[in-house]
Every structure is written in structure tokens, then in C-alpha cells.
Amino acid sequence: MQLFYNPVINETTENFSFDKEESKHIIKVMRKKGGDILYVTNGLGYLFKTEISLGSDIKCTVKIISFEQAEKQKYHLHLAVAPTKMNDRYEWFLEKATEMGISEITPIICDHSERKFVKNDRFDKIILSAMKQSAQVFLPKLNEPIALKDFIKYQPNGQLFIGHCEETEKKSLKNELKPNTDVTILIGPEGDFSNKEIALAIENNYIPVSLGATRLRTETAAIVACHSVVLLNE
């Protein structure tokens, strides 16, 4: 199923038009025409079945035939992950985490971060493309970058974990996770969290965890954490 996205439609919408870029893709690239069926999501759990009423490559218009609402996930998975030195590695994480069904992502700036400034514009596009490619109807929320010390102040609900590589007492993430429970997991930069950051997280009820026997890159650790939560909740 080819999935399209329109953030403004809802269950009361009867007709709507795609923007010029999307219209050109539908009509010129995909060779769709009047009467053809398109499936559209608003990223909020709705899947709309639509029919092309005006097959213009400038303004492709559709009418909604029917819609269905997906059941909301019984858990909220939030990964707070330090930006990687190379953007393409972080983009890979965003793509794969979206495909697996992550709920929320926050880039965190840490003491050892090599990249302390990121732009979310391209990240948004990566996430949107991955959502459509994997035929999902929930668009993950991407937050603006924030310093770790400020992020910790928010005290999210559910289980709180910090994955780090220091040789201190840690528990196994897979053994600590509970099904159908909100989860927030902190993943640090290539240079790991500083001892001060680890202590701060623990003071704020984050449980130190191990993600396996080997030392993982930031993006790999984030994917392992994401997969552990998703697999538990299948």
C-alpha cells in the first residue's frame, strides 16, 4: 500500500487537495488519474481511503470515501539520544526507529557531545518518509534539541533508564522492561555520558542499564533499546 500524508485532515473532512510537489508526484511519477484510490494518513492514527476527483499535477484533489482509526499503542516509547558526529548515522537511527514504531525522540546535548547544534528540518523529512514507507499511521514526535540537564528536569512518566558504558553497577535493560508501560531511555554521545551526567540521571530516578556485552555506537545502542521495547510489547 502506497501511503500519503496530510496533517490537517480529520474525520470530518470531505475533500482536500495535495500541495504542488505531492500532486506532481502522484500524477506525473505514479501516473494516477481521476477515479484512482489513494490511502492517506494524518499521522494521528487515522487511515483515510480517498478517490481522486481532480487529477491535476498542480493541485490533485481527492474525496474521502471512508476512514478507520488504529488502536493506540499501549505504551509510549521516548528515546532521548545525543546527536552523532556524522548526521547520516543519526538519520539512520531515526529511519529505523520510526519503522519499528517509536513514539517520541529528543536530541540531547551532553558534556561529551561532538555535535552541539542540529537542525530538525531534514530529520522531520526522514521520519515522515519512514512512516509512509512502513505504512504506519502514527507519526513520531521529534522534539527540539535540549541540554541533558534540562531534559532530566521534566521527569517523564513510566520507566526511566540511562544506558552508559562506565564500569559501574548496571542492570540489564531487557530484564527491567515492563510490558504496556511508558518508557524513556537516555542514550549518550560517542564519548559516553560524563560521570556527572550519570550521577544526575540517577538522582532523578533513572536506572543505569546495559544494552549488551559489547560497546555500541550511539545509533546502534538507540536501535537496540528501541527494538527491546518493541519486541517485549508484541
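Which whole-angstrom value gives the distance between the alpha carbon centres of region 161-234 and region 59-103?
Region 161-234 and region 59-103 have Cα centres separated by 21 Å.
Please provide three numbers in whole Å: the alpha-carbon extents of region 17-170 along the principal axes, with the largest listed first.
Principal axes ranked by extent give 63, 33, 22 Å for the Cα atoms.
Normalised by the residues of the chain, what does the relative contact order come to in percent, with Cα pairs under 8 Å and at least six apart?
Averaging sequence separation for qualifying contacts and normalising by length gives 20 percent for the chain.
Roughly how many percent of the accessible protein surface of the chain is carbon and sulfur, given a 1.4 Å probe and a whole-percent answer? Present the calculation step by step, with values, prior to reporting the outcome.
Values: 6110 of 12600 Å².
C and S fraction of accessible area: 49 percent.
With a sphere of radius 15 Å drawn around the Cβ of CYS60, what net charge do the other residues whose Cβ falls strictly inside it have (Lys, Arg +1; Asp, Glu -1)?
Result for the local shell: +2.
Where both partners of a DSSP beta bridge lie in the chain, what percent of those bridges are antiparallel, to the nearest 5?
Given both bridge residues lie in the chain, the antiparallel proportion sits at roughly 40 percent.
Which length gain, in nm to one decimal place, applies between ARG215 and SER17 when the Cα-Cα distance is subtracted from 0.36 nm times their residue separation?
Working: separation 198, 0.36 × 198 = 71.28 nm, distance 4.89 nm.
Result for the pair: 66.4 nm of gain on full extension.
Pull up the DSSP beta bridges for region 1-51 and report the antiparallel fraction as a percent, rounded to 5.
Percent antiparallel among DSSP bridges in region 1-51 is about 60.
Could you order GLU234, GLU114 by accessible surface area, starting with the largest, using a probe radius of 1.4 Å?
Largest to smallest exposure gives the sequence GLU234, GLU114.
Mind ordering 126-137, 13-24 by average Cβ neighbours within 10 Å, highest first?
On the way: 126-137: 17.9, 13-24: 14.5.
Put in order of decreasing packing, that is 126-137, 13-24.
Two decimals, Cα atoms only, Kirkwood Rh: what is Rg/Rh over region 121-234?
On the way: Rg = 14.8 Å, Rh = 15.4 Å.
Ratio of gyration radius to Kirkwood radius: 0.96.
Need one number: nm distance between label points at GLU68 and GLN2, each 7 Å from Cα along Cα→Cβ, rounded to one decimal.
Inter-label distance under the simple model: 2.1 nm.
Hey, can you find the accessible area per residue of the chain for me, probe 1.4 Å, expressed in square angstrom?
I get 54 Å² per residue for the chain.
With both bridge residues required to lie in region 1-140, what share of the DSSP beta bridges run antiparallel, to the nearest 5%? Spell out each step's value before the answer.
Numbers: 17 of 24 bridges.
Once the DSSP bridges in region 1-140 are tallied, antiparallel ones form about 70 percent.
The values are calculated or read from the model by the stated rules, or taken from the named source; none is laboratory data. Please read all numbers here as calculations on a predicted model, not as lab measurements. Because the Cβ atoms are built from the backbone with ideal geometry, glycine has one as well, and the counts that use them run over all protein chains shown. We work out accessible area using only protein heavy atoms, side chains counted, and drop any ligands, DNA or RNA first. Shrake-Rupley method; radii C 1.70, N 1.55, O 1.52, S 1.80 Å.
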